[in-house]
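K.L.:
Please see the structure below; I have some questions.
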Amino acid sequence: MNALKTTFLLGAMTGLLLAIGELLGGRDGMTLALIVAGVMNFGAWFWSDKIVLRMYNAQPVGPEEAPELFAIVQGLAQKAGVPMPRLYVIPDPALNAFATGRGPSHAAVAATVGIVKAMDREELEGVLAHELSHVINRDTLVSTVAATLAGAISFLAHSFMFRGRDRDDGGNPLAALVVMIVAPLAAMLIQLAVSRSREYGADASGARLVGHAEGLARALAKLRDASQRIPMHNADPATAHLFIVNPLTGSSLGRLFSTHPPLEERIARLMAMKGQLG
């Protein structure tokens with residue numbers, strides 16, 4: 001269901017892009033927008049893992065520095081049949097974790113010092129299975145496609161705005177309003193909806209990977225309680241979608257503009273899986 005929803009949302013964004021291209025008078029502007037956004041996101045896809053790990057001062061660890069963490073991730077990777085990802089610890093007391101990388105062979109999983117200390121083994125296993133699921137499900141690629149389409153739509157909207165200044169033919173003011181204001185907002189909301197859909201998918205995949213949903217559900221409850229009490233230092237809105245819970249919870253603009261679905265709903269869905277997983 002989540003995969004179907006993601007496909008529908010990406011299709012809606014593609015349709016929006018085509019409609020704006022038609023309003024601008026053909027394929028040339030749309031092609032240019034796709035090329036510009038594609039080049040930007042191609043670079044982000046290849047180097048974003050290094051950038052985000054450096055942003056949060058993530059330190060590489062192995063079996064000597066973090067034996068339990070390493071053993072959990074290694075066991076999950078073997079069970080899933082994927083290469084062992086690079087493992088990092090973020091020196092931050094907040095409770096959070098993220099995965100990055102363009103695919104299973106180029107993946108990294110990072111966890112904060114806070115979450116490693118606060119979780120028992122079963123909870124930590126659930127969190128790390130969730131993150132590894134993002135890698136297995138190639139959510140980085142999905143996010144890149146969504147970002148490319150959203151970037152192209154925004155580029156077209158700005159092009160339309162500057163083109164309107166240079167033209168004095170009156171035009172259609174309603175169409176201009178849609179292109180310049182409504183279209184970029186709609187693209188952003190669709191991109192956020194794609195992110196929320198992928199979180200549900202990683203929760204379900206992670207629970208199936210470990211064989212039970214209780215550990216991840218308990219972990220999410222702990223994360224919910226700690227998110228306001230222990231804020232994450234130097235959290236960046238551009239990377240919020242990577243984390244298992246939104247590191248900017250305290251400054252959220254509401255459910256509509258959130259990169260993550262409500263934790264209560266995620267916990268409820270996991271608990272509903274208990275019967276399926278035995």
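K.L.:
Of all residues in the stretch 118-161, which are at pLDDT 85 or above, surrounded by fewer than 21 Cβ atoms within 10 Å (Cβ to Cβ), within 22 Å of the chain's Cα centre (by Cα) and part of a helix (DSSP H, G or I)?
P.N.:
Correct list: empty.
K.L.:
Condition first: hydrophobic (A, V, I, L, M, F, W, C), modelled with pLDDT of 80 or more and either surrounded by fewer than 12 Cβ atoms within 10 Å (Cβ to Cβ) or within 15 Å of R86 (Cβ to Cβ) (or both). Now tell me which residues in the stretch 34-55 satisfy that.
P.N.:
I51, V52, L53
K.L.:
Output the residues belonging to the stretch 223-237 that are in a helix (DSSP H, G or I) and surrounded by fewer than 17 Cβ atoms within 10 Å (Cβ to Cβ).
P.N.:
D225, Q228, R229, P237
K.L.:
Can you work out which of the residues in the stretch 95-117 that are assigned to a strand (DSSP E or B) and of a type in the set (S, T, Y) is modelled with the highest pLDDT?
P.N.:
My answer is T112.
K.L.:
Would it be correct to say that T112 is in contact with an Asp or Glu (Cβ under 6 Å, 6 or more places away or on another chain), closer than 23 Å to A217 by Cβ and buried (at least 20 other Cβ atoms within 10 Å of the Cβ)?
P.N.:
In short, yes.
K.L.:
With A94, A118, A129 as the choices, which residue is closer than 22 Å to Y56 by Cα, among the aliphatic types (A, V, I, L, M) and in contact with a strand residue (DSSP E or B) (Cβ under 7 Å, 6 or more places away or on another chain)?
P.N.:
Going through A94, A118, A129 in turn, just one is closer than 22 Å to Y56 by Cα, among the aliphatic types (A, V, I, L, M) and in contact with a strand residue (DSSP E or B) (Cβ under 7 Å, 6 or more places away or on another chain): A94.
K.L.:
Okay, next question. Go through the residues of the stretch 98-106 one by one and say whether even a single one is over 18 Å from the mean Cα position of the chain (by Cα) and farther than 24 Å from R224 by Cα.
P.N.:
Yes, the conditions are met somewhere in the stretch 98-106.
K.L.:
Hey, can you tell me all the residues within the stretch 238-263 that are at pLDDT below 85, of a type outside the set (S, T, N, Q), out of contact with any helix residue (DSSP H, G or I) (no Cβ under 6 Å at 6 or more places or on another chain) and in a loop (DSSP other than H, G, I, E, B)?
P.N.:
Selection gives L253, G254.
K.L.:
For the stretch 56-79, which positions are surrounded by fewer than 16 Cβ atoms within 10 Å (Cβ to Cβ) and in a helix (DSSP H, G or I)?
P.N.:
Answer for the stretch 56-79, where residues must be surrounded by fewer than 16 Cβ atoms within 10 Å (Cβ to Cβ) and in a helix (DSSP H, G or I): P67, E68, A71, Q74, G75, Q78, K79.
K.L.:
F70 versus (1) under 16 Å from N137 (Cβ atoms); (2) in contact with a Pro (Cβ under 8 Å, 6 or more places away or on another chain); (3) not small (G, A, S): which is the lone unmet condition?
P.N.:
(1)
The values are calculated or read from the model by the stated rules, or taken from the named source; none is laboratory data. As the structure is a computational prediction, the values presented were derived from the model and not from experiment. Please note: Cβ atoms are built from the backbone with ideal geometry, for glycine as well, and neighbour counts cover all protein chains shown.
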